[in-house]
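Read the structure below first, then the notes.
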Amino acid sequence: MSFKKKWLLGVVDDKGDMQAMANVLSDFLAPHVFHIGLFIVASSLHGTGVSRAIYDELERWMISLGARWVRLGVVKGNAKAESFWTRLGYEEVRERAGIEMGERINTVRVMVKALFPALRRADYLELVSRDQPGAE
């Protein structure tokens, strides 16, 4: 799957301890589509609002680099993650079954967020035909 650039980003506190990290791809599968491959925040910060604040900053950064859409995959059944991404405005566009992750086989919910109000789900699916429901 094609992409233009890959970043591994870390968030550290004033002591230099890692608090969060993200893996981001730009122009993933299509121009202006960014993909979050990993977004993880220290467990001790869950429920504090810090995850949302870090994500909001990450989203602003992606927009500054030309993102119009953000895409990610969430393991189906990971209720906390599914709820987090849905609260942030992500919508499922399809499910992909049989995804190998280490020794596990998972079903992944492919989720997308438009970063500008004028963009519609149909616009995204026209850009990224791979994510159309039923596509291979």
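The values are calculated or read from the model by the stated rules, or taken from the named source; none is laboratory data. Computed from a predicted model, the values in this text were never measured in an experiment. Cβ: placed from backbone, ideal geometry, glycine included. Neighbour counts: every protein chain shown.
Does R109 meet the test of being touching a Lys or Arg at 6+ places or on another chain (Cβ under 8 Å), without any contact (Cβ under 8 Å) to a residue 60 or more places away in the chain and buried (at least 18 other Cβ atoms within 10 Å of the Cβ)?
Considered against the rule, which asks whether it is touching a Lys or Arg at 6+ places or on another chain (Cβ under 8 Å), without any contact (Cβ under 8 Å) to a residue 60 or more places away in the chain and buried (at least 18 other Cβ atoms within 10 Å of the Cβ), R109 comes out as yes.
Out of the strands (runs of 3 or more DSSP E) lying entirely within segment 16-130, which hold 1 or more residues that are among the aromatic types (F, W, Y), under 13 Å from the mean Cα position of the chain (by Cα) and modelled with pLDDT of 90 or more?
33-41, 69-75
List pairs: first in segment 22-44 and of a type in the set (G, A, S), second buried (at least 17 other Cβ atoms within 10 Å of the Cβ) and in a loop (DSSP other than H, G, I, E, B), Cβ under 8 Å, 6+ apart or cross-chain?
S26/A67; A30/V128
Working only within segment 1-15, note down all residues that are of a type outside the set (A, V, I, L, M, F, W, C), surrounded by fewer than 12 Cβ atoms within 10 Å (Cβ to Cβ), touching a residue at least 12 places away in the same chain (Cβ under 8 Å) and in a loop (DSSP other than H, G, I, E, B).
The answer is S2, and nothing else.
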